[in-house]
1. Quick check of the Kirkwood formula: for the stretch 137-183, what is the inverse mean of 1/r over all pairs of different Cα atoms, in Å?
2. Roughly how many nanometres apart are two label points built 7 Å out from the Cα toward the Cβ at residue 65 and residue 77?
3. Whole-Hz ³J(HN,Hα) for each residue in the stretch 163-171, computed from phi via Karplus 6.51 cos²θ - 1.76 cosθ + 1.60 with θ = phi - 60°, x for glycine and proline: what do you get?
4. Can you work out the FRET efficiency for the pair residue 122 and residue 192, with r the C-beta to C-beta distance and R0 = 41 Å, to the nearest 0.05?
5. What share of all Cα pairs of the stretch 87-169, in percent, falls into each consecutive 5 Å distance bin?
6. Expected output is a single nm value to one decimal: the length gained when fully extending between residue 174 and residue 345, i.e. 0.36 nm times separation in residues minus the C-alpha distance. What is it?
7. Would you calculate, for the chain, the mean residue ellipticity at 222 nm contributed by helices, counting each DSSP H stretch of 4 or more residues as -39,500 (n - 2.57) and dividing by all residues, to the nearest 500?
8. Report the residues of the stretch 246-271 in range of a label on residue 303: point 7 Å along Cα→C-beta, backbone N strictly under 20 Å from it.
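Bear in mind that the values in this text are calculations on the coordinates, not laboratory data. Keep in mind it's a predicted model, so treat the numbers as computed, not measured. So basically every Cβ, Gly included, is an ideal-geometry build from the backbone, and we count neighbours across all protein chains shown.
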Amino acid sequence: MSSLRSMLILAFGAFVMSACSQPEVSAEPEAAVGYALAIHGGAGVIERSELDARTEAAYRGILAEALQAGRQVLQANGSAVDAVIASILVLEDSELFNAGRGAVLTHEGRVELDASLMRGEDLDAGAVAGVSRIRHPILAAQAVMERSPHVLLAGAGADAFAEGEGLELVDNEWFITERRREQLERAREADRVELDHTGSRDAADDPDRYFGTVGAVALDAAGNLAAGTSTGGMTNKRFGRVGDSPIIGAGTYASNDACAVSATGHGEYFIRRTVARDICALMQYGGLDLAAAARRVVQDDLVAMGGSGGIIAVDPAGRIVLEMNTPGMYRASVRSGESPSIAIFADETE
Ligand code: ASP
């Protein structure tokens, strides 16, 4: 009897000990991974001397707001896809960035928007190109992914699809801001297709100044990755021009086997270099880690071609990489249990 009791006590003690030590053991990997989120609002020639304190504060404020919107989703155990969308919705609505309202203008003075979304779990993806009436192109990309048999819809067909899906439509005029009209005027005068930047007087002399595309990448608590990107493209672009942002593998890619990437930069180079997919492929087949893969594509391969810009990326272990070959990139990131970081200039530590 007494030996049975002591056995029970021993067994109970062992149970209590294992129950007590359990959280410590499992807390480690969870703390190491958890969720991770990064966002960008474009890369390019962003100089301290050209960004007054008020404007800089406004950029940092919106980045913080967009990051928080995505973070809330992840904190509530939401999906990486939903977190990416939540962050991009904030950035699309901000006139500071080249996406949604405040996007750059085509040669004719209209707005044509591109966006894409990819889910790393099953490689499902959706994108729209050259849309002109959808208030939130990232929601149209989601609708294409989730509610159509297609990956990419373009132009009037994409606008009509979004309408059929009940998404909010607006007049093209609604997207246009005075700042963008002036920027187009300058680009027209210089007779040049200009990448997004209006801040500086000599912007018209430098086609590679600032790309205001927005994007987000996320890892959720379930271990799934997602990436999304949204843009107005380039100022004074030919109508019908499509950049890398809606091209899966160029501006956006996500695979749970490797990483999730959203790019910003001179789209023609990013398309030819298949930037987002190359980074994932270097990890998947080349054995590189995320930092090495991103560095190679952004600093070596793109630079060798003359392509400027940057990427944000996250891998299944929650490592975040923010890589650019330009003097700056509007960016922010956060991981579970850590405080958010926001940065603009390349030499800022995240
Ligand atoms: N990548 C975009 C495009 O070429 C531009 C940007 O990043 O702002 O359309």
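1. In the stretch 137-183 this quantity evaluates to 11.9 Å.
2. For the pair residue 65/residue 77, the computed spacing is 3.1 nm.
3. With the stated coefficients, the stretch 163-171 comes to 4, x, 7, x, 6, 6, 10, 9, 5 Hz.
4. On the way: r = 42 Å, r/R0 = 1.02.
For R0 = 41 Å, the calculated efficiency reads 0.45.
5. Reading the bins upward from 0: 3, 17, 27, 25, 17, 9, 2, 0, 0.
6. That pair, residue 174 and residue 345, stretches by 58.5 nm at full extension.
7. The helix-only estimate for the chain comes to -11500 deg cm²/dmol at 222 nm.
8. It comes to 263-271, nothing else.
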